[in-house]
Amino acid sequence: MSSLLVPELHRYLTRRTTWISGIAAVSLLAIVSLFMGLQPNSYNPEIELSFFGPGMIVLAAALVGAWSYFTSASVIGSEQSSGALGTWLTFNPQRWRVYLAKLASVALPAAAVSTVAMGAAIAWSLIVSTHSHPSAVAWMLAAGVRGVLVVVSVAVLGFVIALVTRSTLGALGVLVGWLVLVVLQAFFSTVAIGHWEWIGLERVLGEFLLNSHSTVHGALHADPAVIAGAGLLWFGVIALVVVLGGALFAGRDVD
């Protein structure tokens, strides 16, 4: 598969969409991070790492995740719409090898960029915070690793959805539809009579990335069992999507 991975990586990394959207995501991350860290707070001049840090992890994961989802969907969507994928398969008819190489070509850049973004988010949080409990520092480092895994999984998800729907717009439509459902459930859960609560994959992902509790002021501790359970469920769904996408790709006609 290594012989296929190099040209796939080259194709992904040389696309203008990859670079333009990447620069936009990094710029937005830098601007928002500076605003969050440098805005004056006359009521509470002290910034706790346990409060500021998780927000930075979410910000980095959201922006880099959005970039990886869009660019992963875009590269396979454009190949299908232009007919380049069909041409490529005439030279490399082993579809599972092509499929895995394409997955790796979007997962590896997502891992690299998200590692840098998470490292920057953690470093900025430590610089800005006036109080950093050792447990909060350890939690940030672990959450950064989980953030990288989340971004990679989102890149893979965007790729497979675009492959299945045969277009970039199809993947974006699925994402928008999911976001609409999340907003609607949040609305109805506030107006519903009695206890009604939506349990969706976004909550599973939130538990995996941000699970924490505090026993001492400024401290952060995670529940390993909750994180393991949420991670098993989330990545189990991703694995299922990957297998189904590969099976469809292997058996479907490609124009």
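The values are calculated or read from the model by the stated rules, or taken from the named source; none is laboratory data. Note that the structure is predicted; figures quoted are calculated from it, not measured. Glycine also receives a Cβ, built like all others from the backbone with ideal geometry; neighbour counts cover every protein chain displayed.
At a glance:
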quantity: From Val64, Val58, residue being modelled with pLDDT of 90 or more, assigned to a helix (DSSP H, G or I), in contact with a helix residue (DSSP H, G or I) (Cβ under 6 Å, 6 or more places away or on another chain) and among the hydrophobic types (A, V, I, L, M, F, W, C); calculated: Val64
quantity: Count of segment 139-178 residues which are out of contact with any helix residue (DSSP H, G or I) (no Cβ under 9 Å at 6 or more places or on another chain) and not β-branched (Val, Ile, Thr); calculated: 1
quantity: Residue among Gly177, Gly144 that is at pLDDT 85 or above, in a helix (DSSP H, G or I) and surrounded by fewer than 20 Cβ atoms within 10 Å (Cβ to Cβ); calculated: Gly177
quantity: Candidates Ile47, Ile127, Ile76 - the one that is under 29 Å from Tyr12 (Cα atoms), of a type in the set (A, V, I, L, M, F, W, C) and either at pLDDT below 95 or in contact with a Gly (Cβ under 8 Å, 6 or more places away or on another chain) (or both); calculated: Ile76
quantity: Residues of segment 14-32 satisfying the condition of being under 16 Å from Val64 (Cβ atoms) and touching a helix residue (DSSP H, G or I) at 6+ places or on another chain (Cβ under 7 Å); calculated: Thr17, Thr18, Ser21, Gly22, Ala25, Leu28, Leu29, Val32
quantity: Scan of segment 110-123 for residues that are surrounded by fewer than 21 Cβ atoms within 10 Å (Cβ to Cβ), touching a residue at least 12 places away in the same chain (Cβ under 8 Å) and over 12 Å from the mean Cα position of the chain (by Cα), ordered by number; calculated: Gly119, Ala120
quantity: Tabulated pairs, segment 68-96, first of a type in the set (Lys, Arg), second in a helix (DSSP H, G or I) and at pLDDT below 60, C-beta under 9 angstrom, 6+ apart or interchain; calculated: Arg95/Leu89
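Listed here are the residues, each with its yes/no results for (1) under 20 Å from Met118 (Cα atoms); (2) at pLDDT 85 or above.
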position: Ser153; (1), (2): yes, yes
position: Gly170; (1), (2): no, yes
position: Arg203; (1), (2): no, no
position: His221; (1), (2): yes, no
position: Ala250; (1), (2): no, no
